[in-house]
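Novice: Got a structure for you, written out below as structure tokens; questions coming shortly.
The values are calculated or read from the model by the stated rules, or taken from the named source; none is laboratory data. All values reported here derive from a predicted model rather than from experimental measurement. In this analysis, Cβ positions are derived from the backbone assuming ideal geometry, glycine residues included, and neighbour counts consider all displayed protein chains.
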Amino acid sequence: MKLSRSFASSLAAAAVALFMSSAHDAEAAKLEGRSVKIGCLASVTGKGAEWGQTAKISMEIAVEEINAKGGIGGVPVELICYDTQTLEAEALKAVSRLVERDRVLAISGPCFSGEFETIAPQLDGQLKTVINSYCSAKPGLSAMSRWAFRNTLTSDKQLKPVVDAWLKEYKIKKVVIIYDAEDAVSKGEGAGVLPALFKAHGVEVLESLTYRTKDTDYSAQVTKAKSLGAEGIGLGACYQNAAAIAKEMQKQGLNVPVVGGACAGAPGFIEIAGKAAEGAYMSTAAFLDDPRPEVQAYVKKIVAKNNGKQPPYGGPRAYDIIYSYKHCFEASGVTNKPADLASDREKIRGCLAGLKKFPGVAGEITMDENRDGAGSSAILKVVNGKYVNMAK
Amino acid sequence: MFDGLLDGYTRSLLIFAGIHMIAAYSFYLPYKTGQVSLGQAGFMAIGAYASAILTQKFGIPFAAALIVGGIAAGIIGIAIGFPALRIKGIYLLLLTLGFSEIVSVVALSWEYVGGAQGFRQISFNPFTLEYVIVIIAVLLFFFARLERSSLGRAMDSIHQDETAAEVMGIDVVRIKLLAFGLGAGIAGLAGALYAHHATFMDSTTFNIMLSVEILVFVVVGGGSTYWGPAFGAVVLNAIPEFLRALREWLELIPVAWTNFYPVNRVYDFLHGFLDFENAKRLIAYGVILILMMIFRPDGLLTRDSLRRLRLPRWKSRHA
Amino acid sequence: MLYQQLINGLMLGASYALIAIGYTLIFGVLKLLYFAHGEVFMIGAFAGLYLVLYGGANIYVALLGAMIICALLGVIAVYVSVRPVAKDRPLAPLISTIGLTIILQNLAVYLLGGQQVAFPEAIKQELYHIGPITISSVQIFILGIAISLMVVLWFFIEHTKMGRAIRATAENHETAALLGVDVNRVVLVTFMIGSGIAGVAGVLDGIKNSGISPFMGLSAAVKGLIVMLLGGLGNVPGAMIAGLLLGLIEILSAAYIGTTERDFFSFAILILILLYRPTGLFGARTPEER
Amino acid sequence: MRDPAASHVCLSIEGLTKRFGGFYALNQLNMDVQQGHIHALIGPNGAGKTTFFNLLTGVLPADTGKIVFDGQIVDDARPSRRTLKGIARTFQNIRLFPHLTVMETVMIGEHCRAHPSVWKALGDAVLKRPFQESVAEREMQTNAIELLEYLGLAGKRDEKASDLPYGEQRKLELARALATKPRLLLLDEPAAGMNPRETSELDRIITRVRDRGITIILVEHDMKLVMGISDNVTVLNFGTKIAEGSPRQIQDDPVVIEAYLGEDVQL
């Protein structure tokens, strides 16, 4: 985070904006104070560095945009980020620092289910503040606390339409499932969601094979799938592993279609798997090839700041969280007075819980009764090295 | 008991630093006899899982579960330590590392403790800080006594020359086993405390890097004196906080000043330097480790520096 | 399926062997656990990637380039984390190489981002069917490079003056010095060779697995350590055979027993070897107990 | 044979053999050591003297053979057990604990007598009155000071062992060995590196130790010292005993003289 320098310039920008277009800003409630503080938890280092880095950059882009247009209620936004290092203990320390020391109004993050699950039970006690994860897809987590939100779709919600479409196109009767036994979300998909969906369609699951997240060699699994006569492969895998599996299939001449879950449908899947990705069906919580101008504007900015690479879905989801917070800060009567901190946080919580069809780059945000994201997800198919949304 | 005094953040900070400190002592005790373990995270995992099973599945109170967790880790420690007696140095390092990996594979494939979904919703213990303080006090007392006891001296002699110690009638086998088992038990306590504070853990929570971190606490703090592990854990936990504090002080500089030379240059430099919320922080950490090993390979605190500092180290009667 | 799985095991084993060779060479002459070897492997993979992507190099040039870059990195490692550190304290060099590990990994994260990067398709993919097995041009290439590198290295160690000096140093520093071997130079050369091979292994791994990331080092390092012990500390041919062996064991256990338990087997083997045959399956060059 | 009435065998060795690869370091050695004697063991370099000590103390396992100490077979006992039974030694290349003080070093020797059980030692370390030394610890200190005074090292009790001059390090090793209250003391070249004044002092010390009733096996190259104080001498060559007898007998033995030919030793 760039604090005071950008802070100073944004103050100046805010002043100019106020001066020029006071009529426009007059509608939104005026907030008090020097800045509106939003906390952010991102795993910038450690094994989840990719997700944390892209999410952090995305949130910074959103904050810059908001501040360039005069901030929230006339006050610039200050984003306070802490690195969780993909460690639960660090996430726990950071969240109480954000709530108690930095006194933020709301928190965006953390990304990972483990971090989320460690923090959530603490929120009902001392730390009554909203957290809102932009990538955790393990079902059932938000139920742990009324303060716990997730602006993302759980894996079961994402997969159903994708598997339906996949089976409709390829008419497969026998599949092998390969999933990550170490990753909670992938295992949930591979051991629970996918078998149930296949069963519902009368598809036979020949075998479920597993691997561990840090494995790089999938030859044994692919050979086995081939020898069993799989007509299709269901993946409970993140995109890196999914891409490596697709590549290995190509290498061994197992040319059957692939379907993958929440974590697999990132841009990186096509990038790494190359031609081996063709024809695969994936689900995702954010479709970056969406032609909508706001999506493309965001993609352009993040690619420029992220070594020329598109982010996984956590990035756009995190970007949307900042805007949904802006909406709630303005719509729910938040004052931003130090004395009102507790009631402000409660107001934000209420607003967020009732969020319906809020427009974002990752799709419309609707919070269901468990404070998880709801709504439709894209059905991605890889056609000529690009994702195409088959839902439309 | 500190509710009025400390905010939750400080509590959290102290708790994790305290757990690190206990873990550092779990490494220090076998190290005192010359045994270097890279598996302390594995023993923490055993304590954590054993105690969490007791509190969550059987409703046993935390205090009892804590003790059982420590004992369970200690027993496994002795079971590992016994065959490990024959090997030392890099072999022992790798053996303990392999053990710790096996623990994590077991945690991953054992559905009873959650498997890949992790061990969820462990009951929260509101008095973790108090437990941590008591355990550290007991440990410090124990090590202070050990330091000037015959047993402590025997451990030092084993560390310095195992054969000579054995020939002098020191029961090397039992003492090494005792140190390894007790060390594992202490690690088990640390793990149990962690589990009931974080309330969630999975097979990756207690990983190799945690074992490495524990080793680093002791080596950086100083492995030749019992103050070293505590000092190392405190210093390495405090540095990031200190840097954050420095950055907050930097914000006290009026915004207007930062637009003028040379304040802006200094400000930008310090700001960039202290912006440690990214990989730079870990790079700096690595550089510090190397520099430490070049210029102060015995750690920050050594027996000599303690003697100079005159920290409480009771004078012997004969001296 | 069995034959195909044997091929898979051979492929996996070849990459394990290449990492372990570097480990065993370095351990042999230095008698210390050099933690940063996995990160050198990772840097090698990235060096190869950038040479192909931006340097427009063909794959052989990329392999050579990665080898040279990693050899230089080995030299830097010696001067930064080995030579200045006190040798009479066994933990000091361990910690300093851990420091180097942390630096290299996070430098990669800082400069390149934490994401996995696609490795360009440097070799045209073709499939050959021989009886029941399918083998691809990529696999033949990787196996060919790995085996020829091992043969060259074996020749170097056994039949050149430097190779003899390395063996003598691995046996005993003092004796080697008495025989007129410049021990410091031998250590340097050993690091260069070991690191260079790790660089090649990194590129081959990139080609094989299609993607590389800054976090690929640690697990490679751990597997390399297991193979080193299996083959016997300091025993280069032992490391080669043990690498292939571990690859086969892992693949076969994954194919016939269970893939989650695959790591369980590697570490169980590690522990059994440590306890019952600490000199490795094929005997260590340095039998002294440490 | 100062007191023939009290004389009995303290240590009895039968058929002791140790091989390293194809090389016999010790081959079928038979030997009896009389209680209260100074028994010297001499022979050229590589004759197997240090190996003999290593087998006696259990640092190395013997291939075959029997070691009977005070009527008990000690073959399978660990080194620390043998020390408890009463065998103590010094090392040819001094092996002190470099970071311990002189006082602490001697107390290491006392440890096995004060705390034969690890659990008792742990209890003594932790459970005794806090912030006070235990009774055992105080006794150990008193004994250590006594022993240091006996050997003339009392003035250096708080110095680090590694800081002592060479001759005093040898004396400290002796003190550490004596602290284990041995009945059989194995001295491995105690005079190596000592100047003549120190050697003659050593001569007196060894005699005084013997006079306390401690049996001594002495490996030494300084023949003046050996011939001056030994009651009995055994000569080893290539792991085999080639002669045994009183110093006078040995000095005149042609086999011994031949074995030593080429070695610059004044018999």
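Novice: Assuming C:L63 fulfils every condition listed in (1) surrounded by 17 or more Cβ atoms within 10 Å (Cβ to Cβ); (2) within 27 Å of A:G52 (Cβ to Cβ) apart from one, which condition is it?
Specialist: Here C:L63 meets the rest and fails (2).
Novice: Of all the helices (runs of 4 or more DSSP H) wholly in region A:136-216, which have at least 2 residues that are at pLDDT 85 or above and buried (at least 24 other Cβ atoms within 10 Å of the Cβ)?
Specialist: Passing ranges, in order: A:155-170, A:184-188.
Novice: Exactly one condition in (1) surrounded by fewer than 18 Cβ atoms within 10 Å (Cβ to Cβ); (2) modelled with pLDDT of 90 or more is not met by D:V33; state its number.
Specialist: In the conditions (1) surrounded by fewer than 18 Cβ atoms within 10 Å (Cβ to Cβ); (2) modelled with pLDDT of 90 or more, D:V33 misses (1) alone.
Novice: Here's another thing I want to ask about it. Evaluate region A:331-344: report whether one residue or more is part of a helix (DSSP H, G or I), surrounded by 19 or more Cβ atoms within 10 Å (Cβ to Cβ), over 17 Å from the mean Cα position of the chain (by Cα) and of a type outside the set (A, V, I, L, M).
Specialist: Yes, there is a match, as at least one residue in region A:331-344 is part of a helix (DSSP H, G or I), surrounded by 19 or more Cβ atoms within 10 Å (Cβ to Cβ), over 17 Å from the mean Cα position of the chain (by Cα) and of a type outside the set (A, V, I, L, M).
Novice: Same structure again: So which residues in region B:87-143 are of a type in the set (D, E) and either more than 14 Å from chain C (Cβ to nearest Cβ) or in contact with a strand residue (DSSP E or B) (Cβ under 7 Å, 6 or more places away or on another chain) (or both)?
Specialist: Correct list: B:E130 only.
Novice: Sticking with this structure for a sec: Would you mind stating whether D:I205 is within 13 Å of chain B (Cβ to nearest Cβ) and touching a Lys or Arg at 6+ places or on another chain (Cβ under 9 Å)?
Specialist: When the stated conditions are applied, D:I205 does not pass them.
Novice: Of all residues in region B:72-126, how many are assigned to a helix (DSSP H, G or I), hydrophobic (A, V, I, L, M, F, W, C), in contact with a helix residue (DSSP H, G or I) (Cβ under 7 Å, 6 or more places away or on another chain) and crowded, with 18+ Cβ neighbours inside 10 Å?
Specialist: Residues in region B:72-126 being assigned to a helix (DSSP H, G or I), hydrophobic (A, V, I, L, M, F, W, C), in contact with a helix residue (DSSP H, G or I) (Cβ under 7 Å, 6 or more places away or on another chain) and crowded, with 18+ Cβ neighbours inside 10 Å: 17 in total.
Novice: List the helices (runs of 4 or more DSSP H) that sit entirely inside region B:203-293 and contain at least 2 residues that are within 10 Å of chain C (Cβ to nearest Cβ).
Specialist: B:208-221
Novice: Let me ask something else about it. Among the residues of region A:208-225, is there at least one that is away from chain C (no Cβ under 14 Å) and under 21 Å from A:A137 (Cβ atoms)?
Specialist: no
Novice: Which of the helices (runs of 4 or more DSSP H) found entirely inside region C:132-239 contain at least 2 residues meeting this: closer than 28 Å to C:P278 by Cα and more than 16 Å from the chain's Cα centre (by Cα)?
Specialist: Because the criterion is at least 2 residues that are closer than 28 Å to C:P278 by Cα and more than 16 Å from the chain's Cα centre (by Cα), the helices (runs of 4 or more DSSP H) in region C:132-239 that meet it are C:137-159, C:161-171, C:173-178, C:183-209.
Novice: Determine, yes or no, whether A:A264 is within 14 Å of chain C (Cβ to nearest Cβ), assigned to a helix (DSSP H, G or I) and either buried (at least 17 other Cβ atoms within 10 Å of the Cβ) or small (G, A, S) (or both).
Specialist: Taking the combined requirement at face value, the residue does not satisfy it.
Novice: Report, by residue number, each residue of region C:77-111 that is under 22 Å from the mean Cα position of the chain (by Cα) and facing chain B (nearest Cβ under 7 Å).
Specialist: C:V80, C:S81, C:I95, C:S96, C:I98, C:G99, C:L100, C:I102, C:I103, C:N106, C:L107, C:V109 - these are the residues of region C:77-111 that are under 22 Å from the mean Cα position of the chain (by Cα) and facing chain B (nearest Cβ under 7 Å).
Novice: Given the conditions (1) part of a helix (DSSP H, G or I); (2) under 18 Å from A:N241 (Cβ atoms), report the number of the one that C:T260 does not fulfil.
Specialist: Single failed check for C:T260: (1).
Novice: Test B:L189 against the stated conditions and say whether it is part of a helix (DSSP H, G or I), more than 28 Å from D:V59 (Cα to Cα) and not assigned by TED's automatic domain parsing to the domain that holds B:M21.
Specialist: No.
Novice: Name the residues in region D:14-55 that are under 25 Å from D:R208 (Cα atoms) and in a strand (DSSP E or B), would you?
Specialist: Within region D:14-55, D:M31, D:D32, D:V33, D:Q34, D:I38, D:H39, D:A40, D:L41, D:I42 qualify.
Novice: Oh, and also: Hey, among D:A62, D:A77, which residue is within 22 Å of B:I175 (Cα to Cα), in a loop (DSSP other than H, G, I, E, B), in the same structural domain as D:G36 (by TED's automatic domain parsing) and of a type in the set (G, A, S)?
Specialist: None of the other options fit; the residue is D:A77.
Novice: Which residues, counting only those in region B:158-183, are assigned to a helix (DSSP H, G or I), more than 24 Å from the chain's Cα centre (by Cα) and more than 17 Å from D:W119 (Cβ to Cβ)?
Specialist: Once the filter is applied, which keeps residues that are assigned to a helix (DSSP H, G or I), more than 24 Å from the chain's Cα centre (by Cα) and more than 17 Å from D:W119 (Cβ to Cβ), region B:158-183 yields B:E162, B:T163, B:A164, B:A165, B:E166, B:V167.
Novice: Residue check, B:S37 against (1) under 20 Å from the mean Cα position of the chain (by Cα); (2) more than 14 Å from chain C (Cβ to nearest Cβ), all met but one. Which one?
Specialist: Just one mismatch for B:S37, condition (2).
Novice: Within region D:98-115, how many residues turn out to be more than 17 Å from the chain's Cα centre (by Cα) and within 8 Å of chain B (Cβ to nearest Cβ)?
Specialist: 10
Novice: Those residues that are crowded, with 22+ Cβ neighbours inside 10 Å, under 26 Å from D:A177 (Cβ atoms) and either more than 12 Å from chain D (Cβ to nearest Cβ) or small (G, A, S) (or both), I need them from region B:144-181; list them, please.
Specialist: Matches in region B:144-181: B:S149, B:S150, B:A154, B:S157, B:A164, B:A165, B:G169, B:A179.
Novice: Do we find that C:A92 is outside any loop (DSSP other than H, G, I, E, B), hydrophobic (A, V, I, L, M, F, W, C) and under 16 Å from C:A201 (Cβ atoms) in this structure?
Specialist: Answer is no for this residue.
Novice: May I ask you to verify whether D:T105 is crowded, with 20+ Cβ neighbours inside 10 Å, outside any loop (DSSP other than H, G, I, E, B), hydroxyl-bearing (S, T, Y) and assigned by TED's automatic domain parsing to the domain that holds D:N143?
Specialist: yes
Novice: Identify all residues within region B:69-86 that are hydrophobic (A, V, I, L, M, F, W, C) and facing chain C (nearest Cβ under 8 Å); write none if there are none.
Specialist: B:A84
Novice: Also: Within the group C:A239, C:A284, which residue is closer than 23 Å to A:A220 by Cβ and either among the small types (G, A, S) or modelled with pLDDT under 85 (or both)?
Specialist: C:A239 is the lone residue from the list that is closer than 23 Å to A:A220 by Cβ and either among the small types (G, A, S) or modelled with pLDDT under 85 (or both).
Novice: Looking only at region D:241-251, decide whether some residue is under 30 Å from D:F23 (Cβ atoms) and assigned by TED's automatic domain parsing to the domain that holds D:E149.
Specialist: no
Novice: Would you be able to tell me the number of residues in region C:233-262 that are touching a residue at least 40 places away in the same chain (Cβ under 8 Å) and either surrounded by fewer than 21 Cβ atoms within 10 Å (Cβ to Cβ) or away from every other protein chain (no Cβ under 11 Å) (or both)?
Specialist: Final tally of qualifying residues: 16.
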